[in-house]
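The values are calculated or read from the model by the stated rules, or taken from the named source; none is laboratory data. Just so it is clear, the model here is predicted, and its values are computed rather than measured. Cβ placement follows ideal geometry from the backbone for every residue including glycine, while neighbour counts extend to all protein chains displayed.
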Amino acid sequence: MTSPAEELNGVLQGTIVSRLLSNLGRRFYFPRGIIAQSAEAKESAHVANGTIGMAFKNGRPLILSAIADCMPTLSPEESVVYAPTAGVESARLVWKDLIIQKNPSINAGHISLPAVVPGLTAGLSYTADMFFNEGDRILVSDPCWDNYDLIFRTRRGAEVREVPFFGRGSGLNLDSIRKAVREEAKTGTVRILLNFPNNPSGYSPTIGEEEALVEILREAADTGADVLVICDDAYFGLFYEDDISKESPFVRFSSLHDKILAVKVDGPIKEDYIWGFRMGFVTYACRALGPSHYDALIRKLMGAIRSSVSCANTPAQYIMLRAMEDKRTPPEKEVFLNTLKSRYKKVQSFIRGNPPHPVLKPLPFNSGYFMCFRCEGISAEKLRQKLLYSQGIGAISLEDRYLRIAFAGIDEDKIEKVYRLIYDTATELASG
C-alpha cells in the first residue's frame, strides 16, 4: 500500500465509501505526477509551460484543418450511435493499413486487426488486466512515465522494476537492459515495456540499438522463456535524427520467435495532434499465432472493454477517418513535425553551446515531445517549484531526480530564455 493511498483511506475511514471499497479501490490514489503538476503550472506558468505532452503555437494547440472543419459535419450515425466494442470496423482497417504503411518491413499476416480503445492509457491498462497477476514483474525504463506505476503496480499488484535504460553515454544502456532480461529469463517469463520515443527522456533507439534489443529478447526466448513485449508507441513517428530506427520495435518482434508475444499500443493521440480525443489501438502479434488465435485474443480484449467503458468514443473514430482521407493532412503534419523538430534543434543547440551544467545532466534525446535532465545534488521537485513560482516556468519533476521539459509546448523564440532560466535557477539552488 502506498503512502498517498493510505492517506486517502484514512480520510474515508468510518464512511460508507470505506466499507464499500474493493481491495483494488483501496490501492488507488491520484499521484502528484504530471497531471497534478501541470494543473499547478496552468495557474502560475505565465512565461512558458513545458509540463504537458501537447504541442502549442502562440498559446493555442496545434490542430489539423480536417479536425477543425469536420466537427459539425458528422451524421447522427457517426456522432451519437454506440461504436462496436472493438471499434468502428473501417477505423480498425484504416489503422492497420497505416501501421503497414509506416512500417513497410512488417509481415501483415503476422499481426491482428487493431482494436479501438479509449486512449493509450486504457490500452496499457487492458494489457495489464489481460496478462498480469499479482506479483508478476515488468521491466520498464528508468526514468519512465509515472502512470506505469498506477497501471501495473497499483491496479494489478505487479512488481514494476525500473531498469537504467540510460547510462552516462549518448544512448541506451544495453548492458543494463541485457542483464535485467537475462535475470527475468531464469524465472521462465520475461515481461518488458518498450516506450519509444521515450517519455520522459525523448529518446528513440538507433538502428544498431534496436538490433541489439531484438537480440536480447531473442536470446531470452531461445533459452525457453516466454516473452511479453509491450510497445508503447504513443509518440511514434516524431523522429528528428537520421540514425533513428524509423519503424516500431513491434515490427521486429511481431514475427521473431514462437515464444515472443508482442503488443502494440498506439493511436493518433500524439502523432496526429488530437490529444483530447482519447482514442487508441491495441494490436497483437506472434509468429506462432493464426487468425483463430487472434480472434480469441481480441474477444478477450473486448470483454475487458465491455466491462469497463463498453466502447470507445464514436465521433473520434469517424473524425480520424475524415482526417486520414483529407488531402490537407499529410502536408500539415509535415509542417507540424518540422515545427517540433526546429524546437528540438534549438534545445540541442542551447545545451551543446553551453558548458556542461554542474548539476543538470541531460539524458539522451532525439525524438518525441520531451527532454529530461538528471538532477545531481539538488532536488528536482524543489527546482520545479522554484522555476514555477519564481520564474513562471512549468516543468515536471519525476522521482525527485529528473526534470522533464516538454519543448513541444514552448514556442521556439522562448526556448533560449526558458533554458537559460532553468540553468541559472538550478545553479542558484545548488549554491544554497
Out of (1) at pLDDT 95 or above; (2) on the phi > 0 side of the Ramachandran plot, the one GLY432 does not meet is (1)
The residue from PRO355, PRO331 that alone is without any contact (Cβ under 8 Å) to a residue 40 or more places away in the chain and either surrounded by 19 or more Cβ atoms within 10 Å (Cβ to Cβ) or over 24 Å from LEU62 (Cα atoms) (or both) is PRO355
Counting only strands (runs of 3 or more DSSP E) entirely within the range 320-432, those with at least 2 residues that are farther than 23 Å from GLU43 by Cα are 360-362, 371-375
Screening THR121, THR187 for residues that are under 14 Å from the mean Cα position of the chain (by Cα) and of a type outside the set (Lys, Arg) leaves only THR121
Among residues of the range 56-110 being of a type in the set (A, V, I, L, M, F, W, C) and free of Cβ contacts under 8 Å to residues at least 24 places away in the same chain, the residue farthest from ARG252 (Cα to Cα) is ALA68
Screening GLU77, GLU40, GLU7, GLU89 for residues that are of a type in the set (Asp, Glu) and touching a helix residue (DSSP H, G or I) at 6+ places or on another chain (Cβ under 7 Å) leaves only GLU40
In the set ILE111, ILE100, ILE138, ILE106, the lone residue that is of a type in the set (Val, Ile, Thr), at pLDDT 95 or above and surrounded by fewer than 18 Cβ atoms within 10 Å (Cβ to Cβ) is ILE100
Filter the range 377-400 for residues that are polar (S, T, N, Q) and out of contact with any Cys (no Cβ under 9 Å at 6 or more places or on another chain); the one that is nearest to THR51 (Cα to Cα) is GLN385
The number of residues in the range 28-54 that are among the basic types (Lys, Arg) and farther than 19 Å from GLY276 by Cα is 1
Among (1) surrounded by 16 or more Cβ atoms within 10 Å (Cβ to Cβ); (2) in contact with a Lys or Arg (Cβ under 9 Å, 6 or more places away or on another chain), GLU416 falls short only on (1)
Within the range 195-209, the residues that are among the hydrophobic types (A, V, I, L, M, F, W, C) and touching an Asp or Glu at 6+ places or on another chain (Cβ under 7 Å) are ILE207
Pairs returned, first residue in the range 158-183 that is on the phi > 0 side of the Ramachandran plot, second residue that is among the polar types (S, T, N, Q), beta-carbon separation under 6 angstrom, 6 or more apart or interchain, are none
Picked from the range 264-278 (must be at pLDDT below 95 and not in a helix (DSSP H, G or I)), the residue nearest to ILE100 (Cα to Cα) is ASP272
Given the conditions (1) buried (at least 19 other Cβ atoms within 10 Å of the Cβ); (2) assigned to a loop (DSSP other than H, G, I, E, B), every one holds for SER170 apart from (1)
When the range 114-130 is checked residue by residue, the ones that are modelled with pLDDT of 95 or more and not in a loop (DSSP other than H, G, I, E, B) are ALA115, VAL116, VAL117, LEU120, THR121, ALA122, GLY123, LEU124, SER125
Of the residues in the range 194-210 that are crowded, with 24+ Cβ neighbours inside 10 Å and not polar (S, T, N, Q), the one that is farthest from SER245 (Cα to Cα) is PRO200
Can you find even one residue in the range 216-228 that is under 29 Å from SER397 (Cβ atoms) and surrounded by 19 or more Cβ atoms within 10 Å (Cβ to Cβ)? no
Those residues of the range 17-39 which are touching a Phe, Trp or Tyr at 6+ places or on another chain (Cβ under 9 Å) and more than 22 Å from THR121 (Cα to Cα) amount to LEU21
Filter pass, LEU213 being aliphatic (A, V, I, L, M), surrounded by 23 or more Cβ atoms within 10 Å (Cβ to Cβ) and not in a strand (DSSP E or B): yes
